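Chemist: Mind looking over this structure? Questions follow.
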Amino acid sequence: MKKFTQQLVLLGPGLAWLVVFLVIPLVLILSYSFFRRGPYGGVVYEFTLKNYKQLFSPLVLRVFLTSLRIAVITTGLALLIGYPTAYAIATAAPQWRTTLLGLVALPFWTSYLIRTYAWIVLLNREGVINHFLMRLGIIHEPLGLLYNEFAIIIGLLYGYLPFMILPLYSSIERLNPELREAAADLGAPPLKTFFTVTLPLTLQGVIAGSIFVFVPSLGNFVVPELLGGGRRLMIGNLIQNRFLKARDWPSGAAMAFGVMSIVLILLLLQAWATNRLQEGGANAE
Amino acid sequence: MSGNGPLVAIRNVVKRFGSIVAVNNVSLDVQQGEFFALLGPSGCGKTTLLRMLAGFETPDSGEILLEGEDLVGVKPWKRPVNMMFQSYALFPHMTVYNNVAYGLREDRLDKQEIDRRVREVLEMVGLLGLARRKPDTLSGGQKQRVALARAIVKQPKVLLLDEPLAALDRKLRVEMRLELKRLQHEVGIAFIFVTHDQEEALTMADRAAVMNAGQVLQVGTPQELYELPTSLFVANFIGESNVFTGSLKVAGDDVTVVGAERAWRVSAEASRRVGLKDGDAVAIVIRPEHLQIIPAASGQETNGLSNTATGMLIETAYLGSMRHYIVELDDGTRVMAQTQAGHIFDSLTEGTRVSVGWELERGVLVPADDEALIEGAGLSGAL
């Protein structure tokens, strides 16, 4: 009983925070998603599934698919860039690791918004990159680097790459280096060692990093707004638009839960796949 | 095949890490089928030497020959050498079976052949019943056997073992010494193992190299190392020793060591063995079991002994099969004697006046100073 009281005291503040700022708003949003929009905004408390039916309209579906595609590409690129980076840091001399990790986290010292604006300066038609390439004579016309999917992916990748590198780093760093040596000793060349030992044993980091990049990429609305130009390119913009511009809270709420369910389904799939990989990894060959 | 040459020949190998010389001009031969120990305190370079044999480190200079062919520059995955790691380094995501099969799959053998060899080696280490288990579910001793099975299943020309027993508790460690020796005989592969435990090296190895500060001080059978050390370091590192220092005085066959308080007689043969000459700073090494202890009151003769001294028994320790006595001599030096339990002096009490002494040929002469110690190393390396 005493132990229970102690745990309650320790957990209390965090629990209260979660209940007030996460659970209650979620319940509110969930209930809104089943009601009607009032004629002048607001919510009319009258049950309907209309908001969910609208998720399957061609427009919303297209936006969902675009968002998914962008988030998947961003996550994939982050993994391709992040894994070698994390591996290099984790296997660097110990006195260098802190410095290198500090460099990875360095962008967090300025506001995300400012950093995203900075990409406009870099990517626009008169921007640094176009200017530079034209000066070198590689191109004669400025490239349309801004206000498209490419710019969105660049912006998301840039913003979330550290979230990929950090969990990868910690899982690679924890790996006993003798395991890699053992694989080499048993005859496996470096690439083989990577795919049979290093990668399977750092899957936790791969999954954690992928989730940390995928989830905020999918719901992001700042980057598509600033770098994507289009208003309804990603689902985050659509939801923002529903709530703030169209003043249709129930519809926005339903979309938000649409995004949440996609994320949940993907997480479950990933957990299932990891389990299988780890169980079966040994028999694969 | 190699015919008569050594299986492994290490020639003048040097390895530096920054300003530290980890391995300093080491030369060693290991023979076919031999159980060879690299013995020394931590930081002596033994593990670095082992890692160079495996290919994880590259020597700065020197050669490592396997059956006459230079291994330097050959990648670890291409060497016919396998290693058992101190941490065992079992792949935690694979079953025991797949851990053992890993190396064979790299060799692209067919499935039946792999299965046959994995089963054979698991049977040999007594783990066939645990083939489907993951390493995390095994005890320390079982993990050790899996690591061993995984390393020998490829039938390497040399098996390297890095502190193979260090992670086990004492009782298991003693059991595994015999087990390892049995296995080594069974598979007939040369084993080179690194240890800091002199008892382990003495009980398991056919021959051992004693290392200190990057150098090999002496190579020999356990008996040679224990009975005829060529340096003070080896004498102190292997077993217990009583040491008396002084300068050597040679007058024909009459050889003495002149210390601060008194002179001790040594055999002429002992002085010739390590090539010491008149005036050298030397030490006499007497093993505790060769130091005889006689109560002064017993009236027993000490004539059989060449060197005697009197002192007082200050401590006795009963160790089951034997008994240790610490005696403070009249000049203040402390010595240790050891007798079998059940000896007639079992009833000696602390504070008793005693004489200690040893037979002339039991005194082993070694150089006493550091330079001589390193020269001695060069000498023994050439032996």
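Chemist: State all residues of the range B:275-326 that are surrounded by fewer than 19 Cβ atoms within 10 Å (Cβ to Cβ), aromatic (Phe, Trp, Tyr) and modelled with pLDDT of 85 or more; if no residue qualifies, say none.
Modeler: Scanning the range B:275-326 gives no hits.
Chemist: Is it the case that the range A:193-207 has a residue that's within 14 Å of another protein chain (Cβ to nearest Cβ), under 16 Å from the mean Cα position of the chain (by Cα) and closer than 30 Å to A:Tyr117 by Cα?
Modeler: Checked against the condition, which is being within 14 Å of another protein chain (Cβ to nearest Cβ), under 16 Å from the mean Cα position of the chain (by Cα) and closer than 30 Å to A:Tyr117 by Cα, the range A:193-207 yields at least one hit.
Chemist: Still on this structure, I have one more. For residues in the range A:143-191 being in contact with a Gly (Cβ under 7 Å, 6 or more places away or on another chain) and within 14 Å of chain B (Cβ to nearest Cβ), which is surrounded by the most Cβ atoms within 10 Å (Cβ to Cβ)?
Modeler: Among residues in the range A:143-191 that are in contact with a Gly (Cβ under 7 Å, 6 or more places away or on another chain) and within 14 Å of chain B (Cβ to nearest Cβ), the one surrounded by the most Cβ atoms within 10 Å (Cβ to Cβ) is A:Leu186.
Chemist: Mind checking which helices (runs of 4 or more DSSP H) fall wholly inside the range A:121-232 and carry at least 3 residues that are within 29 Å of A:Val63 (Cα to Cα) and touching a residue at least 24 places away in the same chain (Cβ under 8 Å)?
Modeler: Working: elements: A:128-135, A:149-174, A:177-185, A:190-193, A:203-219.
Counting at least 3 such residues, we get A:149-174, A:203-219.
Chemist: Among the residues of the range B:149-177, write down those that are in a helix (DSSP H, G or I) and either outside the structural domain of B:Leu71 (by TED's automatic domain parsing) or closer than 19 Å to B:Gly55 by Cα (or both). Break it down into steps so the answer makes sense when it comes.
Modeler: So in the range B:149-177, the residues in a helix (DSSP H, G or I) come out as B:149-152, B:170-177.
Scanning the range B:149-177 gives B:Arg150, B:Ala151, B:Ile152.
Chemist: Continuing with this model, one more query. Checking A:Arg247 against (1) within 14 Å of chain B (Cβ to nearest Cβ); (2) over 27 Å from A:Leu156 (Cβ atoms), which test does it fail?
Modeler: Failed condition: (1).
Chemist: Which residue, of A:Thr91, A:Thr110, A:Thr75, is touching a helix residue (DSSP H, G or I) at 6+ places or on another chain (Cβ under 7 Å) and hydroxyl-bearing (Ser, Thr, Tyr)? Walk me through it before giving the result.
Modeler: Values: A:Thr91 fails: touching a helix residue (DSSP H, G or I) at 6+ places or on another chain (Cβ under 7 Å); A:Thr110 fails: touching a helix residue (DSSP H, G or I) at 6+ places or on another chain (Cβ under 7 Å).
Sole residue among the options that is touching a helix residue (DSSP H, G or I) at 6+ places or on another chain (Cβ under 7 Å) and hydroxyl-bearing (Ser, Thr, Tyr): A:Thr75.
Chemist: Quick check on this structure: which one of B:Leu128, B:Leu225, B:Leu160 is surrounded by fewer than 22 Cβ atoms within 10 Å (Cβ to Cβ) and touching a helix residue (DSSP H, G or I) at 6+ places or on another chain (Cβ under 8 Å)? Lay out the reasoning, then the answer.
Modeler: Numbers: B:Leu225 fails: surrounded by fewer than 22 Cβ atoms within 10 Å (Cβ to Cβ); B:Leu160 fails: surrounded by fewer than 22 Cβ atoms within 10 Å (Cβ to Cβ).
The conditions single out B:Leu128.
Chemist: If you scan the range B:250-267, which residues turn out to be more than 19 Å from B:Gly357 (Cβ to Cβ) and surrounded by 15 or more Cβ atoms within 10 Å (Cβ to Cβ)?
Modeler: Within the range B:250-267, just B:Val250 meets the criteria.
Chemist: What tally of residues in the range B:36-65 results from selecting those that are part of a loop (DSSP other than H, G, I, E, B), among the charged types (D, E, K, R) and in contact with a Gly (Cβ under 6 Å, 6 or more places away or on another chain)?
Modeler: Taking the range B:36-65 first, the residues part of a loop (DSSP other than H, G, I, E, B) are B:40-45, B:55-60.
Filter once more, keeping what is among the charged types (D, E, K, R): B:57, B:60.
From what's left, in contact with a Gly (Cβ under 6 Å, 6 or more places away or on another chain): none.
Residues that pass the stated criteria total 0.
Chemist: Out of the residues in the range B:82-107 that are more than 8 Å from chain A (Cβ to nearest Cβ) and of a type in the set (Val, Ile, Thr), which is nearest to B:Ile64 (Cα to Cα)?
Modeler: The qualifying residue nearest to B:Ile64 (Cα to Cα) is B:Val100.
Chemist: Mind checking whether some residue in the range B:226-241 is in contact (Cβ under 8 Å) with a residue 40 or more places away in the chain, more than 26 Å from B:Leu49 (Cα to Cα) and β-branched (Val, Ile, Thr)?
Modeler: no
Chemist: Another question, if that's okay. Among what's in the range B:224-269 and is of a type in the set (A, V, I, L, M, F, W, C) and part of a loop (DSSP other than H, G, I, E, B), pick the residue that is nearest to B:Gly363 (Cα to Cα).
Modeler: First, pick out the residues of the range B:224-269 that are of a type in the set (A, V, I, L, M, F, W, C): B:225, B:228, B:232-235, B:237-238, B:243-244, B:248, B:250-251, B:255, B:257-258, B:260, B:263-264, B:266, B:268.
Pick out the ones that are also part of a loop (DSSP other than H, G, I, E, B) and you get B:228, B:238, B:260.
On the way: B:Leu228: 10, B:Ile238: 16, B:Ala260: 18 Å.
Looking at residues that are of a type in the set (A, V, I, L, M, F, W, C) and part of a loop (DSSP other than H, G, I, E, B), I get B:Leu228.
Chemist: Please work out if B:Gly103 is touching a Leu at 6+ places or on another chain (Cβ under 8 Å), of a type in the set (Gly, Ala, Ser) and part of a helix (DSSP H, G or I).
Modeler: Details: touching a Leu at 6+ places or on another chain (Cβ under 8 Å): yes; of a type in the set (Gly, Ala, Ser): yes; part of a helix (DSSP H, G or I): yes.
So B:Gly103 fits the description; yes.
The values are calculated or read from the model by the stated rules, or taken from the named source; none is laboratory data. This structure is a prediction, so every number in the text was calculated from the model and none was measured. Cβ sites come from the backbone with ideal geometry, for glycine too, and all protein chains shown count toward neighbours.
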